[in-house]
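All of the numbers you see were taken from the coordinates with simple rules; none came from a lab. Since this is a predicted model, take the numbers as computed values, not measurements. Here Cβ is always computed from backbone atoms with ideal geometry, including for glycine, and neighbour counts include all displayed protein chains.
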Amino acid sequence: MTIKMIATDVDGTILKYTGEFNPEVIECIHKLDENGIKVVIVTGRMHKSAKKIADQLGLKNAVVSYQGALVRDNTPEQNILYERYIPTEAAKKIIDWGHNEKIHMNLYMNDDLYVEKENEFTHKYVDHQKIPFTVKPFSEIELDKVNKILLIDYADPERVTRLTKKLQEDFPELFIVKSCDYFCEVCHKEATKGDGLRYLQKLYGIPQEETLTIGDHNNDIDLLKAGGVKVAMGNGTDELKAIADYVTDTVDNHGFVKAIEKFVKVGANV
């Protein structure tokens with residue numbers, strides 16, 4: 001089997017938790033590109049942040065952001081290829097739900113980030129991703145084209161787990177997933193990473209069996225399922241590892257590069 005496309009998560013997969021790339025990862029991705037193998041970023045990050053990652057890596061392929069709610073080409077025009085927004089009434093209900101739970105929320109609309117309070121959660125999030133934000137009560141915002149709502153609790157991961165399960169029960173019409181210990185992501189039902197990748201497979205004419213998918217958390221389950229070769233990071237969740245064809249090393253120990261060397265034979269030596 002010949003792999004023609006690599007669809008990769010970002011945080012915890014190719015990007016270390018410190019916010020840095022191992023040089024070996026950058027070299028590996030450059031080698032893949034030089035050999036005509038498409039590398040596509042598939043991330044829960046907002047597009048502004050995801051594009052910075054793609055540009056830093058020198059990637060010219062389309063970028064999948066907001067789990068799969070938005071796919072844009074990586075041209076100067078950044079044309080929208082695929083988009084799925086949270087229905088306005090559903091977004092209002094999620095916001096009300098979050099207010100009742102007194103949990104910090106990030107609201108993404110038209111690829112802009114809004115928060116109601118500037119606090120330690122806000123700064124921890126934006127400082128890591130290096131993105132701008134606007135402080136404004138959500139009640140004063142005319143909700144339209146909501147890309148995603150993110151619920152955050154850096155202090156209590158178990159609470160995030162409980163709230164994610166409750167939201168999934170209360171809002172089955174939406175895609176709701178825990179994307180890391182502290183984040184619960186709320187998106188349109190057709191905004192999984194698998195949805196975004198399947199769009200790109202059709203766009204580029206690359207079948208599932210010629211796609212390698214790799215990630216580290218539960219929001220990557222749909223991504224892996226859309227691939228022909230499914231790889232979980234060594235630092236991945238048990239749920240993700242359970243559906244993977246192969247579990248590679250951790251993000252700190254060049255897990256991405258080692259997976260590429262095993263299945264594609266193009267990556268850098270480590």
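Sites listed here are GluC sites (Glu not before Pro) in region 1-69 whose DSSP assignment is loop and whose Cβ has at most 12 other Cβ atoms within 10 Å: E20. With Cα atoms as the point set, the radius of gyration and Dmax of region 62-111 evaluate to 13.8, 42 Å. Once you reduce region 183-237 and region 32-51 to the center of their Cα atoms, the two points are 13 Å from each other. Summing +1 for each Lys or Arg and -1 for each Asp or Glu among the other residues whose beta-carbon sits under 13 angstrom from that of D170 gives 0. Calculated mean residue ellipticity, 222 nm, the chain: -10000 deg cm²/dmol, from DSSP H runs (n ≥ 4) at -39500 (n - 2.57) each, averaged per residue and rounded to 500. Taking 17 Å as the straight-line reach from the Cα of K102, the lysines in range (excluding those fewer than 8 positions away in the same chain) are K92, K93, K117, K136, K165, K166.
Summarising the strand pairing of the chain, around 60 percent of its internal DSSP beta bridges are antiparallel. Taking a straight line from the alpha carbon of K38, these lysines sit under 18 Å away, with near neighbours fewer than eight places off in the same chain left out: K4, K51, K52, K60, K193, K202, K230, K258, K262, K265. Note on D156 and V135: their simple-model spin labels are 2.4 nm apart, each label 7 Å out from Cα toward Cβ.
Residues in region 56-66 carry Karplus couplings, in order, of 4, 8, x, 8, 10, 7, 4, 10, 9, 10, 6 Hz; the curve used is 6.51 cos²θ - 1.76 cosθ + 1.60 with θ = phi - 60°, and Gly or Pro positions show x. Note on region 158-270: Cα convex hull, mean projected area over all directions, 7.7 nm². 3J(HN,Hα) couplings calculated from phi for region 23-34 with the Karplus curve 6.51 cos²θ - 1.76 cosθ + 1.60 (θ = phi - 60°) are, in sequence order, x, 5, 5, 4, 4, 4, 5, 4, 5, 4, 4, 5 Hz; Gly and Pro show x.
Length gained on full extension, K189 to Q168: 6.4 nm, using 0.36 nm per residue less the C-alpha separation. For region 1-76, the share of DSSP beta bridges that are antiparallel, to the nearest 5, is 35%.
Summing +1 for each Lys or Arg and -1 for each Asp or Glu among the other residues whose beta-carbon sits under 10 angstrom from that of L143 gives -1.
Normalising the average separation of contacting C-alpha pairs (under 8 angstrom, six or more residues apart) by the number of residues puts the relative contact order of region 187-231 at 41 percent. Estimated at 0.36 nm per residue, the fully extended path between T88 and Y17 surpasses their Cα-Cα distance by 22.2 nm. Across the options Y108, I41, F175, the greatest Cα extent toward the positive end of the charge dipole of the chain (unit charges at beta carbon of Lys, Arg, Asp, Glu) belongs to I41. Kirkwood-based Rg over Rh for region 1-75 (C-alpha set), two decimals? We get a ratio of 0.94 for region 1-75. Label separation (Y204 vs I26): 2.2 nm, computed from points 7 Å beyond Cα along the C-beta direction.
With θ taken as phi - 60° and the Karplus curve 6.51 cos²θ - 1.76 cosθ + 1.60 applied, the whole-hertz 3J(HN,Hα) list for region 217-227 is 10, 5, 6, 9, 4, 5, 5, 4, 5, 7, x Hz, x standing for glycine and proline.
Relative to the 2.2 N^0.38 Å rule of thumb, the chain has a C-alpha radius of gyration ratio of 0.96.
Highest mobility in the GNM of the chain, judged by mean-square fluctuation with C-alpha springs under 10 Å and restricted to V135, V40, V71, is found for V135.
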